[in-house]
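Asker: I'd like to ask you about the structure that follows.
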Ligand code: BGC
Ligand code: ZN
């Protein structure tokens with residue numbers, strides 16, 4: 001079967017590879033689930049892997065199959081699988097366990113090991129192919145009524161984890177009543193975080209460089225958030241106008257912005273960083289000021305990566321509540337379908353060149 005792959009470490013190496021079709025009994029103990037891939041989303045991570053900024057092939061291979069945002073239909077299940085059946089729509093989690101205690105309890109997103117295993121990213125093949133097989137533990141059911149949001153299950157799990165982690169750590173306060181949230185970045189993670197925070201009743205300001213009108217601004221406002229272009233209103237002006245934030249989620253992919261967010265966080269607040277930047281940038285920061293603010297304001301900086309099964313389930317529930325609260329808004333994120341695995345070059349081109357491409361995904365097969 002066909003697959004879209006790269007040679008990790010070699011920039012611009014995206015190509016069509018061939019793989020044998022997997023069998024359900026490759027997973028031991030009757031726990032296998034064979035999935036026919038329908039759609040796979042791609043994002044900045046895939047772009048940066050193709051730019052050789054990170055990513056590694058599985059042992060024994062000189063290529064890595066891309067794709068970590070999957071949506072498919074179950075074709076066959078092993079004898080001991082009960083939570084999904086043939087015909088169900090499913091997404092798959094991305095990380096696979098290493099051997100730390102966090103991995104052993106189903107939270108490999110919190111692994112304490114330096115090496116991590118992620119399908120389509122690091123040391124494991126991804127989903128940009130025709131079929132995949134995996135342990136039932138990593139397969140999450142998507143309700144048929146959300147099939148139109150398909151590849152958003154994975155990015156939603158990343159946003160769901162970021163927000164959940166913020167609320168978890170804030171239990172350090174006997175009571176936390178966040179009112180103002182800033183979401184930095186209006187890409188998929190920024191917009192989905194906006195949705196989750198609006199569903200929790202916060203006043204959300206979603207910030208990005210480009211000026212409204214734009215699709216991104218309309219989606220943020222469709223969720224009842226206020227869209228702010230930092231070209232007109234720098235972060236510090238916003239903070240002066242509406243107050244510093246209780247919660248900030250950075251999803252810009254810019255380390256400079258991630259650091260600048262530190263000066264607009266209110267007392268007792270939490271700043272969550274979600275994007276990884278494969279570059280080597282050095283910047284100057286007002287270190288004394290941040291140090292002072294951080295200590296005197298009991299502030300917290302939190303990194304959040306990936307999402308485990310629980311976050312997929314949470315994210316899927318929020319997608320469903322989002323559909324009845326803000327009908328028709330979330331599907332506007334899904335901007336750029338690419339027909340067929342053969343069109344890998346076009347998929348990468350859209351990621352690199354098309355600034356308005358909010359979400360590129362490959363239509364692998366029809367379901
Ligand atoms: C993926 C996450 C992954 C992270 C780091 C993101 O693009 O959505 O699942 O953990 O990259 O590799
Ligand atoms: Zn991703």
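Asker: Relative to the present Cα-Cα distance, how much length would full extension add between residue 168 and residue 99 at 0.36 nm per residue of separation? It would help to have the intermediate numbers written out before the result.
Answerer: Details: separation 69, 0.36 × 69 = 24.84 nm, distance 2.43 nm.
Full extension from residue 168 to residue 99 adds 22.4 nm.
Asker: Right, next: How far is the Cα center of the range 82-135 from the Cα center of the range 313-329, in Å?
Answerer: Between the Cα centre of the range 82-135 and that of the range 313-329, the gap is 24 Å.
Asker: Looking only at the chain, where both bridge partners belong to it, what percent of the DSSP beta bridges are antiparallel (to the nearest 5)? Walk me through the numbers before you get to the answer.
Answerer: Values: 32 of 61 bridges.
Counting only bridges with both partners in the chain, antiparallel ones make up about 50 percent.
Asker: In square nanometres, what is the average projected area of the Cα convex hull of the range 52-115? Write out the running numbers ahead of the final one.
Answerer: Working: hull surface 25.7 nm².
Its average projected convex-hull area is 6.4 nm².
Asker: I'd like the distance separating the alpha-carbon centroids of the range 157-197 and the range 203-222, in whole Å.
Answerer: 17 Å
Asker: Next up: Send over the semi-axes of the chain's equivalent ellipsoid, whole angstrom and largest first, taken as the square roots of 5 times the C-alpha gyration tensor eigenvalues. The partial results should precede the final answer.
Answerer: On the way: eigenvalues 232, 93, 88 Å².
Working through the eigenvalues yields semi-axes of 34, 22, 21 Å.
Asker: Would you kindly calculate the mean projected area, averaged across all directions, of the convex hull enclosing the Cα atoms of the range 120-174, in square nanometres? Numbers along the way, then the final one.
Answerer: Numbers: hull surface 24.7 nm².
Mean projected area for the range 120-174: 6.2 nm², to one decimal.
Asker: A further question follows. Quick check: convex hull of the Cα atoms in the range 232-367, volume per residue, rounded to a whole Å³? Write down the numbers at each step before the final one.
Answerer: Values: hull volume 25.4 nm³, N = 136.
Normalising the Cα hull of the range 232-367 by residue number yields 186 Å³.
Asker: Using a Gaussian network model of the chain with C-alpha springs under 10 Å, which one of 299, 53, 174 is most mobile by mean-square fluctuation?
Answerer: Its mean-square fluctuation being the largest, the pick is 174.
Asker: Need the full-extension length gain, residue 212 to residue 21, defined as separation in residues times 0.36 nm minus the C-alpha distance. One decimal, nm.
Answerer: On the way: separation 191, 0.36 × 191 = 68.76 nm, distance 4.63 nm.
64.1 nm is the gain from fully extending residue 212 to residue 21.
Asker: Also, I was wondering about something else. Hey, if you drop one equal point scatterer on each alpha-carbon of the range 230-280 and run the Debye formula without solvent, what base-10 log of I(q)/I(0) do you get at q = 0.30, 0.31 Å⁻¹?
Answerer: Treating every Cα as an identical point scatterer, log10 I(q)/I(0) equals -1.21, -1.24.
Asker: Report the semi-axes of the equivalent ellipsoid for the range 324-367 in whole Å, largest first, where each axis is √(5λ) for an eigenvalue λ of the Cα gyration tensor.
Answerer: On the way: eigenvalues 102, 46, 4 Å².
For the range 324-367, the semi-axes come out at 23, 15, 4 Å.
Asker: Please check: in the Gaussian network model of the chain (C-alpha springs, under 10 Å), which one of 287, 159, 44 has the largest mean-square fluctuation.
Answerer: So, out of 287, 159, 44, the one fluctuating most is 287.
Asker: Kirkwood hydrodynamic radius, the range 26-157, all distinct C-alpha pairs: what's the number in Å?
Answerer: Details: mean 1/r = 0.0659 Å⁻¹.
Every distinct Cα pair counted, the radius reaches 15.2 Å.
Asker: Let me ask something additional. In Å³ and rounded to a whole number, note down the convex hull volume per residue for the Cα atoms of the range 15-97. Each step should come with its number before you reach the end.
Answerer: Details: hull volume 10.4 nm³, N = 83.
For the range 15-97, the hull spanned by Cα atoms encloses 125 Å³ per residue.
Asker: Which whole number in µm²/s is D for the range 158-303 by Stokes-Einstein, with the Kirkwood Rh taken over Cα pairs at 10 °C and 1.306 mPa s?
Answerer: Details: Rh = 15.2 Å.
After rounding, the answer is 105 µm²/s.
Asker: At q = 0.15, 0.28 Å⁻¹, what log₁₀ I(q)/I(0) does a Debye calculation on the Cα points of the range 165-208 give, no solvent, two decimals?
Answerer: -0.39, -1.01
Values quoted throughout were computed directly from the atomic coordinates according to the rules given, and no laboratory measurement underlies them. Owing to the predicted nature of the structure, the values given are computational and were not obtained by experimental measurement.
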